[in-house]
Structures are given as C-alpha cells and as structure tokens.
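Here the structure is laid out as structure tokens; the discussion comes afterwards.
Laboratory data are not the source of any read-out in this text; all were calculated from the coordinates shown. Everything numeric in this text was worked out from a predicted model, so none of it was measured. As a convention, Cβ positions derive from the backbone with ideal geometry for all residues, glycine included, and neighbour counts pool all protein chains shown.
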Amino acid sequence: MLNTAPDTSPEEKRADALRKAGKKRTQEAITCTEKAIRQLIKDGGAINFSSVARNAGVSTKFLHQNQELAERIRTLADQQKGKPPRRLTEARDTGDSPIIAVLKKELENEKQRTKQLRNQIEELEDANQKLLGRLMQYETYMD
C-alpha cells in the first residue's frame, strides 16, 4: 500500500514543534493577562499597560502587539479615568465583564431618560392643545 502523506523532514518537525510551543506560550500569556486584569478590577487597582504587564508577568510589548488585549486595557483605563469606580464594582456583581455591565447600565439610564422626555413631550403637547383651545375661544369672543 502506498503512503499518500508526504514525508516530513526532521527540520520541518522541529519547526512545527516550535510553532506549537510558541502558540501555547502565547495562549498562556493571554490567560495570565486576562487573570491579571480581572484581579486589578477586583482590587480596584489602576489599569494601564505597565500594571497589567507587571501583574501578568508579560512584557508591555506583548500587550501592545496583541490588539484585543491592548484595546481592552485602553478601554478599561479610559473607564477608570472618566467613570466612578463604583460602576466597575456594580459590573463585578452582575458577573458580566466590566465593559458590558457599564454599557448595560448606561443603556438602562438612557431608556429611563427617553421615557421621561416622552412623558414631558406629552404633557407639553396637552398644555399646547389647551392653550390653543383658549386662544380659539378668545378669538371667537373678540369677533
């Protein structure tokens, strides 16, 4: 019987093993970074590239090169600067990621605000109709 699979040379096997080891190392670094971010959020620590790298045991270069991690760190750092830390605490309590929980809370607030504004519009339209009716009565009276 013929072997249809191409023979791989020892160099190709070593290269493949190195690629697999590199991917495994990268995945472990990502896992450590995610864990460090969660811990910083839980502890209320400052989230920035240096603190995350230090807590995760990775380089800041690694964080900057990984687009997803870099974006997450930037987003969380911006949230810490612009939002009260209490919101991050509320996020932890819901079990969602802090970003999702903050966005859900903001969406809920915007829905409530929209409802209030719609009620206010209704009240103003009613008042406008009453004033229009009074104006028509006044014009009829003046004629």
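Among (1) -0.52, -1.00; (2) -0.72, -1.00; (3) -0.65, -0.98, which is the computed log10 I(q)/I(0) by the Debye sum over Cα atoms at q = 0.11, 0.17 Å⁻¹?
(3)
As a footprinting exposure proxy, order Ser97, Ser50 by other Cβ within 10 Å, with the fewest listed first. Walk me through the numbers before you get to the answer.
On the way: Ser97 16, Ser50 10.
Arranged by neighbour count, lowest to highest, Ser97, Ser50 become Ser50, Ser97.
Roughly how many Å is it from the Cα centre of region 1-80 to that of region 124-140, as a whole number?
Cα centres, region 1-80 to region 124-140: 68 Å.
How compact is region 96-143 by the rule of thumb for globular proteins, expressed as Cα Rg over 2.2 N^0.38 Å? Before the final figure, lay out each step's value.
Working: Rg = 20.7 Å, N = 48, 2.2 N^0.38 = 9.6 Å.
Relative to the 2.2 N^0.38 Å estimate, region 96-143 comes out at 2.16.
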